[in-house]
Each structure stands twice: as C-alpha cells, then as structure tokens.
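Worksheet for the structure shown next.
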Amino acid sequence: SINYNIPYDGISGKGIKKLSSISITPFLGASGGVQTVYNEKEKDWTDLQKKYLTPGYVFVPDGSGSLIRFAENTSKFSDYTGDVYGSDLSSYMYYYSALDDSVPLEDPVMPVFGVSQGDGTQSAFVAYADSGDEFMTIIATPSSTDKNKIRYTYAYPKFSYNTEFYQVTNQAGDAYRKTQDKANEFDIDMTYDFLYGDGSNGELAADYTGMAKAYREHLIEEGILTVKEDEEGDIPMRIDFLMSDSKKGVFGTQEVAVTTTDDVKKILDKLIGDGITNINSGLMGWQKNGETLAKPSDWKFSKDIGKKGKFKDLMKEFSDKEIDISFSRDFVSINSKMINYYGNAAKHLNTQYLTVDKSKVLPENSPVTDFSFALPTKSANWLTSLYERISDYNNSITVKGISNTLLSSHSSTGPTTTVTQAINLYEKAFEKIKKNGATVNMDSPNQYLWKYTDRYLQSPVGTSQYVYETDTVPFLQMVLNGTMEVYAPYANFSFYAQTDMLRMIDYNISPSFVLTQKPSYLLGSTTSSDYYSTEFGQYEELVNTIYNTVNTPLSQVINYNWDSRTVYSWDGKELTSASKDANGNETDGGIIANQYSKDGDVKTIIINYTSDEIQVNGTSVAANSAAVVEGGVK
C-alpha cells in the first residue's frame, strides 16, 4: 500500500488563500489514450494511434456501488463527481435552492473508490481516506474520442480548501462572487491498497469484491465496524408506521391522524399471527402537530394517536415479544412554522439562512413549502435531550437528518461550526446515548456514524444512473455485511416486483415497509403526500410474500462470511463465465453466484434473473428465482 499524508500545518505561504484544492495521483490506473507514431511519408511524428484498451473498470461509491468500465466512448460525457457525504450547502454557491421532480443524485456515504485492470485477474487498487474525507470529492472521467478531451478513463480524489459563493448585498438580492475568507483547515490521510490476482490463491481478488473486503477489514481494524454474532434464525424485517402529519385548515393547520397506537398493535399482532416474528419498527409523526410541524425535541403526544400511557404500554408489550419499537425523528430539517429560525437555523457563508423551496414537489395547499436546516449544535442537543425522555419507554431510537446531512454554519457575529466540528458534535451525542444502552436505527448513515449504527435503514440498491455507469454492484452491502442489520428501501414504492425481491437476496438486505391503518389519500394535502401507498389492508399479503421470498435463502447464511460475487451466463446446459464485450469486459449474464462460508461450511446463493430454468450443482433454480446450493459453483 501507499499512504499520502498532507497535514494542514505543512501548507504555508500567502497562496493558501487562493488554493482551491489538492488532487492525488489523478492518472493512477488510467486506461485508454492515444500516442503519436512516426509518419514515414511526412518524416514526422504526426499520426495518432490508439493505445491498447486494458479491460477493467473504475469503481465509484455511487449508491450501492457502480462500475465505469473502460471503453472508447464516442459521446462526450461530463465527469462523475461524488461529493463525499453530500455537498455542504452552507458553502455552496447559493444559499437558496429549489427541489424539482427529477431523480436526485446519490451522494457517496463512504470515502472510497478504486480501479481494476485486467478483468479482475491482474491488478487493482482500492483507495480510501481516513482524514479529510468531509472535504473530499471523488472524480471519475470516462474516456472520449473527442480531441478536446483526455482520452483516458481515470479516477482520483480531490480535497477542497476554498470555495466561491455569492455574497448578497441588499434585500433585492444583488450579489457579487467572492471566495471564503478562511481556508478549510484539515489534514489529508489517503491510503491506496493494491490487489493482485483472481482470489484463487486465498488473497483478496483484484476486483470490486476484493476492494470491498479490503475496505471492510480496514474499518474493522480502525474500530469503525464491529462484527456481530447474531443468533441463527429468520432475517429481520422493518415495519415503520406513519402516524400523523398536518395540513392547512380553515384557521391555521389541522392534524391528520392515520395510525393510532391501537392500530400499530393490531397490525403487528396480525403479522406475528402470519408467522413473521423478527420485526422492528419506527414510529413517524408520533408528536403533536405531526411529522412536519412538531418541534424535533417536543414531548407532546397527539390525543388522536394515543396518550403517553398508550405508547408506554405498546412498547412494553412488544418488547416482551422481542419486537423493538422506536420513536423516529428528523433532527435536521426544520421550517418556520415549526420553530423560530433565530438561534436554531444554519446560515450560509454569506450569513443568510439556508432555504430549500419544495413547492414544486409538494401539494399546492401544503401547510409549508420552504425548509431550512438546524444548527449542528441544536441537532446534537435535540438528539440527546429527546433520547433522555425516550429511554423511559424504550432504549431504541430512529434517527433521520443527522445520519445523512452534513453541513457547516456561519455567522458574522457568532461562532462558526465547520463540517469537521459538526461530525465531532454528532459523534459525541451518539457516544452519550450509546453509553446509556441505546439501540440506534439510522436512515442511510454516513461512514463516520457507522460505529454507532445498529440498523442501516434505506440502504441504496441502485445508482444515480449516469449513462456511462455500466454495472450496479453491492459494494456498500459487502462492506457492511455481518456488522449491522441492513434494510432495503420501502417495498411499498415500486420495489416489490420479482426482480426487486431477487435484488434483496443478491444484496443480502432485509425488506422494509412503511404502513398506515387508514388510506394514504388522507395525507394528500400534507408534506407526507409522497407516501402515496401505505394502507396495511392493501399490503398484508405482499408483506408476507416478500418476506418469505427473501427470508428463505438469506436465513441460511446468517453469520456467514460473504466471500465472493460472480456473474455467470447460461448456455442451455451449464453455467459459463459471463460473455465479453468488444473491449474485453464482462457483460451481465443474468446469473449471480454469491458464495458464503462459515467454519469450513460453504454455501452459494444462486440468483437467476433470467427467464430460463438452470441447473447448479444438481439443484434446479427456476427462472426469476433464487436457491441455495451446498459448496461453491462447480
């Protein structure tokens, strides 16, 4: 391996105020390109000749993981630019932004990328940051035949020290462009681990699976991840309940209750009666005024949902049945009808309150359309203060906002909170509640919070769908395997087809649902209108179908190590290696073999995405189904 360490105090000179960023080894592992050759007729080096295009790919942590295979692209593509942990909106060009109905990009939740050359049988590297990751951007450039573009596919990390933004000068919104007054102060610690071979010698394979295992081992060594020894049995399932939200009323706002404590009890009892017993749940919109207008640390229950005694009885009853029910809360997203911004909301570099306009994605009569973000200090305090009250009911808590939103805050008169300081605030808050025995459920948490995460909710199973991304892979899931429970996105929303169930098996993640007792159309005038299909009466059968389909194979490899993931094709008689494209890269053969092992026992889950029945090790695997076979694929 190679380690690059660039301490901030080692950078000096007046130019630091002009320093935009530092990039490290941008062309390491690059593939493609052209070279000049000697033209005998012209007696000069005038001819261009394509270099040999090495088979392979760049891995980027887009969503669950994405591969950009080396290719001679005739189109001109923009770079893949992944801001690790998402963009710091407080240092963005503008303090004001608007959401539309386009598909949002997936921000990297971990500071890692890699390059594999030689179709996984020759060499690779996986690169990751242990310091400076909050200021890190991963850039991957697809090759192009455009003469004005660099004709290589390559990837590298960039660490930003200064950004530009618009400083507002008056109420009319006039502004001028300027650079931040003080450079970001951080140390860079970047490691490149090199891999060789196909893994047949027992070493880590030089492909994305080897990269994932190398990164996982590193995080375990650093104490960020801890291998869990869970009991054998059925896989868990996540059932979240949306209880209430608010809409516009004749005077002010009106609360809309769609699930009561009694409803939660009836639904969970029904699922237990159906044979599903390994369940955990989160309660959303449990506070007075509902999910959107209740203050983050408020401890008032809505009379339309249930009084304090009802909640305490509910959690006690199901705790005795080993079903964990937790209060869920977003500690970052706020609005002016919920709370006064003064002293509570984060400010941009230009000292304006951050504002996100959601009017294009919310109903016209929504009670609120403009949102902001809480100060990191407030978010951390709200988390610890709310948990102190929650712990009398249950030690479990479901955390949103803090888990996947990282931003700074600036003031012309008060102290500034950097993203580094925000991370430290959040870590201290979680350390405090974990010492008190908290079970922490987090919504898509960033890597710096994995140490405190017991359940990873809303795990991505796709990518941002850039046209040059050739493969979607379960890199994130392979890194997290065996260290925490990992859950798929809610199956209510276009994630319940047969291929989606196979994807859960392929990625070794558990199913999840968000449910209500009453019809979801009642939420149509609230900010929860995007939960457009939640009524339990319509989903009971599907909950059972999805759970049993996914549980049957995955329950057989609980506590097993995930050794490899291989793509195969079916030639009508036997499995063959996936076919190659014109550039020598594997194409998706439609059959995945995930090999697991434990104490010498080897099992392989075959996921057959094709429309053909196949035979593996004497076991028949029907079309569009999955099965467990003993041993490795022969």
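The values are calculated or read from the model by the stated rules, or taken from the named source; none is laboratory data. Keep in mind the model is a prediction, meaning the values are calculated, not measured. Positions of Cβ are backbone-derived with ideal geometry, glycine not excepted, and every protein chain shown enters the neighbour counts. Only protein heavy atoms, including side chains, enter the accessible area calculation; ligands, DNA and RNA are left aside. Shrake-Rupley method; radii C 1.70, N 1.55, O 1.52, S 1.80 Å.
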Fully extended, how many nm does the chain gain between GLU40 and SER533 (0.36 nm per residue separation, minus their Cα-Cα distance)?
170.4 nm
What is the distance, in nm, between label points placed 7 Å from the Cα along the Cα-to-Cβ direction at ASP599 and at VAL633?
2.8
ARG69 accessible area, nearest 10 Å², 1.4 Å probe?
30
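Give the calculated FRET efficiency between LYS266 and SER579 to the nearest 0.05, with a Förster radius of 41 Å applied to their Cβ-Cβ distance.
Numbers: r = 52 Å, r/R0 = 1.27.
After rounding to 0.05, the efficiency reads 0.20.
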Heavy-atom accessible area per residue, the chain, 1.4 Å probe: how many Å²?
44
Cβ-based net charge around THR418, under 12 Å, with every Lys or Arg adding one and every Asp or Glu removing one:
-2
Can you give the extra length, in nm with one decimal, that the chain gains between ALA623 and ASP370 once fully stretched, where that is 0.36 nm per residue apart less the Cα-Cα distance?
86.3 nm
Once you have the Kirkwood Rh of region 510-634 from its Cα pairs, apply Stokes-Einstein at 10 °C and 1.306 mPa s and quote D in µm²/s.
92
Using the beta-carbon distance between SER412 and LYS300 and R0 = 22 Å, what value does 1/(1 + (r/R0)^6) give for FRET efficiency, to the nearest 0.05?
0.05
Return the whole-Å distance between the Cα centroid of region 226-260 and the Cα centroid of region 422-474.
19
On a C-alpha basis, how far is the centre of region 1-80 from the centre of region 340-398 in Å? Whole number, if you could?
40
Run lengths n ≥ 4 of DSSP H only: what is the helix-derived mean residue ellipticity at 222 nm for the chain, with -39500 (n - 2.57) per run over all residues, to the nearest 500?
-5500 deg cm²/dmol
When Lys and Arg each count +1 and Asp and Glu each count -1, what net charge do the other residues less than 15 Å away from SER302, Cβ to Cβ, add up to?
+3
Given a 1.4 angstrom probe, I'd like the percentage of the accessible area of the chain that is carbon and sulfur, rounded to a whole number.
45
Antiparallel DSSP beta bridges within the chain, as percent of all bridges there, nearest 5
75
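Which peptide among 565-572, 79-86, 375-382 comes first, and what is the full order, when sorted by highest mean count of other Cβ atoms within 10 Å? Intermediate values should be presented prior to the final figure.
Values: 565-572: 17.4, 79-86: 20.2, 375-382: 22.6.
In decreasing order of mean packing, 565-572, 79-86, 375-382 become 375-382, 79-86, 565-572.
Which FRET efficiency, nearest 0.05, do ILE6 and MET93 yield, Cβ-Cβ r, R0 41 Å?
Numbers: r = 26 Å, r/R0 = 0.64.
After rounding to 0.05, the efficiency reads 0.95.
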About its Cα centre, what dipole magnitude does the chain give when the only charges are +1 on Lys and Arg Cβ and -1 on Asp and Glu Cβ, stated in debye to the nearest 20?
2080
Burial order of peptide ranges 285-298, 544-557, 231-244 (average beta-carbon count within 10 Å, highest first)
285-298, 231-244, 544-557
Could you state the per residue volume, in Å³, of the convex hull enclosing the Cα atoms of the chain?
187
Estimated distance in nm for a label pair at GLN122 and THR552, the labels positioned 7 Å out from Cα along Cα-to-Cβ:
4.3
Going through the cross-link list LYS308/LYS337; LYS158/LYS400; LYS213/LYS321; LYS303/LYS360, which pairs have a Cα-Cα distance over 30 Å in this structure?
LYS213/LYS321; LYS303/LYS360
